Amino acid sequence: MKKAAPKAKPAAQQPVGAESGPCQIGVISAIGDQLSVQHVGLTMLGNEYMEAPIETWGIDDLFVARVRAAAPGTAVRKIAYASGAFKPYYHPEAKLFRNDRDDLTALVRQIAGTANCERYVVATKARVSVDGTNQSIEGLGVYKNWASPSGRGVVVSYFRINVFDGRTFDIHRAPTRSFGDVIASSFSNKNDNMQILNNLEFPKTPEQVTSSALLRDSTRSLLTAQLDRYLPAYIKGE
């Protein structure tokens with residue numbers, strides 16, 4: 001009897017999120033893990049805050065997709081990183097002097113590893129005051145003021161975009177009307193960073209946030225409009 005031919009070994013699988021080939025733009029998005037939920041009361045005792053996981057909303061993948069749309073014909077790669085990698089950056093240990101840019105540069109260099117991309121487009125959360133109060137909200141969020149009518153909430157999207165040189169990891173100069181300029185402006189005057197919802201049942205638990213199609217779709221729609229407006233200038237370096 002003839003011996004059966006040896007079975008071919010299955011091809012080695014790449015890690016989830018890994019991509020091969022040349023890389024002109026590597027994308028690192030650190031804004032899509034959670035939604036900040038802020039209820040601003042009449043007094044401090046009425047303030048409520050929680051954070052809800054929204055990884056299933058695909059926010060970071062949306063950021064990658066909008067970079068690809070802003071850079072047609074360019075090899076764009078999503079750069080994966082370990083869960084919690086940005087936690088020390090967002091919540092650093094207290095110290096007398098801290099250089100935010102240096103901390104971010106070190107983190108991006110570490111995450112980039114051996115990807116060898118020509119540039120890295122990085123999105124990180126920004127923290128802003130809520131409606132002129134002493135409360136704040138970070139990154140993607142939804143808030144409601146004590147004086148807001150029933151069913152009314154405001155979805156917000158605040159983040160920074162930085163472009164890093166792939167060899168030196170120097171941060172490129174921001175475009176003349178940069179997103180950094182926008183988020184540094186008055187919260188109440190920047191309507192392109194918020195969307196009012198008049199039919200929102202304000203969530204009371206993280207589960208209600210995660211399962212809300214209205215919050216998911218409104219957040220994605222707001223973010224898409226922002227990125228399509230600002231990303232081309234970052235990609236072109238204008």
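Taking every alpha-carbon pair under 8 Å whose residues sit at least 6 apart, segment 30-145 reaches a relative contact order of 39 percent. Rolling a 1.4 angstrom probe over the protein heavy atoms with all chains in place gives segment 58-155 an accessible area of 52 Å² per residue.
Taking all protein chains as they are arranged and a probe of 1.4 Å, the heavy atoms of Glu207 leave approximately 130 Å² accessible to solvent.
Close amide H contacts of Ser136 (hydrogens built in the peptide plane, cut-off under 5 Å, sequence separation of 5 or more or a different chain): Val130. Here the Kirkwood formula puts the hydrodynamic radius of segment 30-133 at 16.5 Å, using every distinct Cα pair.
The distance between label points at Tyr89 and Gln24 comes to 2.4 nm (points 7 Å beyond Cα on the Cα→Cβ vector). In segment 99-158, inverting the average of 1/r over every pair of distinct C-alpha atoms gives 14.5 Å as the Kirkwood radius. Which of the pairs Lys125/Lys204; Lys125/Lys236; Lys95/Lys125 have their Cα atoms more than 29 Å apart in this structure? Pairs exceeding the cut-off: none. When the residues Leu35, Leu214 are ordered by accessible surface, computed with a 1.4 Å probe over the protein chains alone, the sequence from largest down reads Leu214, Leu35.
The residues of segment 188-232 have, on average, 54 Å² of accessible surface per residue, using a 1.4 Å probe with all protein chains present. When the solvent-accessible area of segment 30-123 is split by element, carbon and sulfur atoms take up 53 percent of it, the probe being 1.4 Å. Qualifying trypsin sites (Lys or Arg not before Pro) in segment 21-122, where qualification requires a DSSP coil assignment and no more than 13 other C-beta atoms within 10 Å, comprise Lys95, Arg98.
The values are calculated or read from the model by the stated rules, or taken from the named source; none is laboratory data. Just so we're clear, the structure is a prediction, and the values are computed from it rather than from any experiment. In this analysis, Cβ positions are derived from the backbone assuming ideal geometry, glycine residues included, and neighbour counts consider all displayed protein chains. Each accessible area value is taken on the protein alone, full model and side chains, heavy atoms only, with ligands, DNA and RNA left out. Shrake-Rupley method; radii C 1.70, N 1.55, O 1.52, S 1.80 Å.
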